[in-house]
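Since the structure comes first, as structure tokens, the remarks are kept for the end.
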Amino acid sequence: MKPSFRPELFVPLTLEGHRIGWLRPELAARLGVWPRVFRSTPEKVVLLDAKDLAPVVEQLAQEGFIPGWRNERYRIADLFDIERAAARPFGLTTRAVHVNGISSDGKMWLARRANTKPIDPGLLDNLVGGGIATGLSVEQTLVKEAWEEAGIPNELARTATRGGTIRVLREVPEGVQSELIESYDLALPAGFQPKNQDGEVSEFMLLPLAQIEQQELTFEATLVARDFLSRRNARPGSAPAGAGRAT
């Protein structure tokens, strides 16, 4: 089986002596033209000044190194903010929250991602899921995404219970996905029907638990659903390559 992450194919990105990311060699070499921001060698790239990252990232996006500009910022290692679309090309560790929506009769809601989504268009996803943007907590992100993606009222969203933290490290077309996913479960009342609010979901499906792993889910949704299934002793399975339980 092909490894999900092969560090020998990437150049470490460091800050203050600590590795914070992974770069494809062609991007690592490109960063050498900004000597006040990066010190680039074939062995590693050192981030010298995070305050000057924004114009560099904008230039890289214009050159095609950073696809799918999102106009949203992620906080990295509680040290600096960066455009969301740059996280994977730079191999930076981000955080996300995903919610398993469970109906009153014990089935699971899945959401099909709109075809306009820049990542995994058209694939099935957890009922709620999203990256944690700068300035938002896990709980605030959960409540925000629950309303935007499935029309779940704030009061109901806040009753979600925590599952576990899932660590993802794998190669993706944009570079490296390094992510910590906070998994939650949400018990939904009888008669609940999700309603998308932001145009990012094309349809919802309500399926028996036994059918979940037969569906074509996103990588992350598979992990989060399996986290729920394993805790319910319902078809516990090993996680796909490139992921593991952090807690």
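Between D78, D52, the distinction of being on the phi > 0 side of the Ramachandran plot and not in a strand (DSSP E or B) belongs to D78 only. The set of residues in the range 1-49 being of a type in the set (A, V, I, L, M), under 22 Å from the mean Cα position of the chain (by Cα) and outside any helix (DSSP H, G or I) consists of V11, L13, I20, L23. For the range 169-183, a residue qualifies if it is assigned to a strand (DSSP E or B) and either free of Cβ contacts under 8 Å to residues at least 12 places away in the same chain or of a type in the set (D, E) (or both), and the qualifying residues are E171, E179, E182.
Counting only residues that are touching a helix residue (DSSP H, G or I) at 6+ places or on another chain (Cβ under 9 Å) and open to solvent by 20 Å² or more (accessible area, probe 1.4 Å), the range 150-159 holds 4 of them. In the set V33, V56, only one residue is open to solvent by less than 20 Å² (accessible area, probe 1.4 Å) and not aromatic (F, W, Y); that residue is V56.
The values are calculated or read from the model by the stated rules, or taken from the named source; none is laboratory data. Given the structure is predicted, the values throughout are model-derived calculations rather than measurements. Heads up, the Cβs are rebuilt from the backbone with ideal geometry, glycines too, and the neighbour counts pull from every protein chain shown. For accessibility, only protein heavy atoms count, side chains too; no ligands or nucleic acids. Shrake-Rupley method; radii C 1.70, N 1.55, O 1.52, S 1.80 Å.
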